[in-house]
1. For a Förster distance of 22 Å, can you work out the FRET efficiency between the beta-carbons of E373 and K441, rounded to the nearest 0.05?
2. Order the following by accessible area, largest value first: D281, D244. Probe radius 1.4 Å; ligands, DNA and RNA are ignored.
3. With label points built 7 Å along Cα→Cβ from the Cα atoms of Y385 and R457, find their separation and express it in nm.
4. Tally Lys/Arg at +1 and Asp/Glu at -1 over every other residue whose Cβ is under 10 Å from the Cβ of I113; what's the total?
5. Using the Kirkwood formula on the Cα atoms of segment 380-419, what hydrodynamic radius do you get, in angstrom to one decimal?
6. Can you tell me the length gained on complete extension of the stretch Y354 to V276, counting 0.36 nm per residue apart and subtracting the Cα distance?
7. Taking 0.36 nm per intervening residue step and subtracting the Cα-Cα distance, what contour gain separates E403 from E326 on full extension?
8. In segment 264-366, what GluC sites (Glu not before Pro) fall in a loop by DSSP, with at most 16 other Cβ atoms inside 10 Å?
Amino acid sequence: MDYVFPNGFLWGGASSGPQSEGGSNEGGRVKSEWDYWFEREPERFFDGVGPAVTSDFYHKYKEYIQKMRQAGVTSYRTSIQWSRVIRDCEGTVNEEGVAFYHDVINEMIANGIEPMMCLHHFDLPEYWVKKGGFENRETVFAFAKFAAVCFERFGDRIKYWTTFNEPVIIPETGYLYQRHYPAVCDAKKAAQVGFHVQLASSLAVEEFRKSGCSGKIGIIINLTPTYCENPDKAEDRKAADILDLIFNRSFLDPSVKGEYPKGLTELLKEEGILPVIAEGDLDIIRKNTIDYLGVNYYHPRRAKARTSVYEGPLMPEKYYEPYTFEGQKMNTSRGWEIYEPAIYDIAENIKENYGNLPWYISENGMGIQGEEEFLDENGVVSDDYRIEFIKGHLKYLHKAMEEGCNCFGYHLWAPFDCWSWINAYKNRYGLLRVDIYDNCKITMKKSGTWFKELSDRNGF
Ligand code: BG6
């Protein structure tokens with residue numbers, strides 16, 4: 001084997017409650033923001049497929065867990081849906097929802113899969129959506145209470161918790177780029193929502209410390225390294241630095257270091273969009289930093305200084321222009337660049353600038369449209385492109401680990417095909433194929449067989 005990973009390295013997969021469970025109005029679950037939005041604007045969702053059934057994990061979790069194990073998954077991160085556990089703004093606990101997660105966690109442990117739980121994966125309950133979501137400070141404190149309930153009920157078996165998945169997506173896509181609800185473009189609100197989400201995360205960390213649970217708590221951040229067209233040009237470097245502040249450091253710094261980067265505060269001030277911060281908020285953020293980091297990495301960002309004057313509402317585009325180049329490797333289904341060396345750069349950044357804290361790849365993966373094309377004569381999806389994608393990234397991770405980076409695992413998005421928000425089932429990510437038109441029938445892809453070997457041998 002050319003690439004051997006340390007003993008105990010976590011090989012696994014990630015998904016989330018809203019993207020996998022379905023059973024949306026069963027077991028006392030109330031509506032979430034996705035049910036709310038789909039009811040109002042179903043045309044926004046690819047092929048009109050909404051969040052009601054997704055991959056039917058709610059009913060088929062035992063089968064999924066067994067099949068994931070057969071695909072070599074030894075740790076699985078999903079999320080506890082707030083809307084399944086808490087019924088209303090008053091915080092009434094839904095015991096049926098709690099019982100469901102108890103069963104899922106126990107089933108994972110019984111099958112040799114380490115359960116890792118996230119508390120928020122873009123899924124606000126409808127009762128908070130109607131009150132303004134994270135624009136409203138009340139939602140922040142309600143999240144901390146929900147987190148406390150989860151620590152109390154499940155903290156005896158969960159060793160790895162995370163507060164939010166990709167927190168920047170909440171302001172970025174809900175309040176700038178309009179791919180999540182409420183789909184508005186308002187930079188001032190985005191800044192306020194972003195601050196509230198960070199505060200909610202820090203308060204959840206505080207609850208975790210109070211709970212006395214023996215596990216660890218972290219956050220999952222999508223790190224998107226920014227490369228500038230000409231590193232010798234100060235204007236290009238500046239454009240890349242601004243994007244780094246907005247998209248990476250806005251949650252990375254307060255979560256790991258307990259403080260915001262000065263450049264970000266100055267930028268928001270210059271634009272007149274500094275959020276309202278109550279007395280004591282920054283203290284909460286300072287005192288409640290995380291134990292470990294989950295890094296979602298899919299693609300880099302390419303930036304150069306603007307060559308024309310920006311016109312339009314305040315958006316990150318004011319500060320840069322994207323560039324492309326000959327030979328750029330693309331996943332055309334998703335429109336994302338594939339750039340494996342960024343994994344090494346992320347690892348170096350964490351080592352050099354964030355105290356080399358423990359971290360893992362919490363998501364990396366390749367979504368492909370029309371995978372049916374790759375079905376072989378035995379009905380198996382021959383997804384060699386996915387195997388090559390994983391290998392390519394692992395090579396750079398391995399190099400970084402040999403040079404001392406503190407990475408403890410690799411999770412693929414996703415162990416099984418799941419629902420992707422407004423992209424619904426357009427692109428498939430799984431090691432396991434899910435036929436949503438045939439009762440969510442689950443079959444192993446070629447990559448699942450390969451991943452099992454990877455996980456068994458601890459390398460390739
Ligand atoms: C990550 C999210 O951004 O990427 C997942 O944590 C998401 O929820 C995944 O599904 C893949 O992106 P997409 O947009 O193709 O679903």
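The values are calculated or read from the model by the stated rules, or taken from the named source; none is laboratory data. Here the structure is a predicted model, which means the values were calculated and not measured. Because the Cβ atoms are built from the backbone with ideal geometry, glycine has one as well, and the counts that use them run over all protein chains shown. Surface accessibility is based on the protein's heavy atoms, side chains included, excluding ligands, DNA and RNA. Shrake-Rupley method; radii C 1.70, N 1.55, O 1.52, S 1.80 Å.
1. Working: r = 18 Å, r/R0 = 0.83.
The pair E373/K441 has a calculated efficiency of 0.75.
2. Details: D281 5, D244 50 Å².
My answer, sorted largest first, is D244, D281.
3. In this crude spin-label approximation the distance works out to 2.5 nm.
4. Working: positive: R69; negative: E107, E114.
That sum, taken over residues with Cβ under 10 Å, equals -1.
5. On the way: mean 1/r = 0.0842 Å⁻¹.
Kirkwood hydrodynamic radius for segment 380-419: 11.9 Å.
6. Numbers: separation 78, 0.36 × 78 = 28.08 nm, distance 2.72 nm.
The span from Y354 to V276 would gain 25.4 nm if fully extended.
7. Values: separation 77, 0.36 × 77 = 27.72 nm, distance 3.10 nm.
Once the chain is fully extended between E403 and E326, it gains 24.6 nm.
8. Values: sites: E266, E270, E271, E279, E311, E317, E326, E337, E348, E352, E363; in loops: E271, E279, E311, E326.
Answer by residue number: E271, E279, E311, E326.
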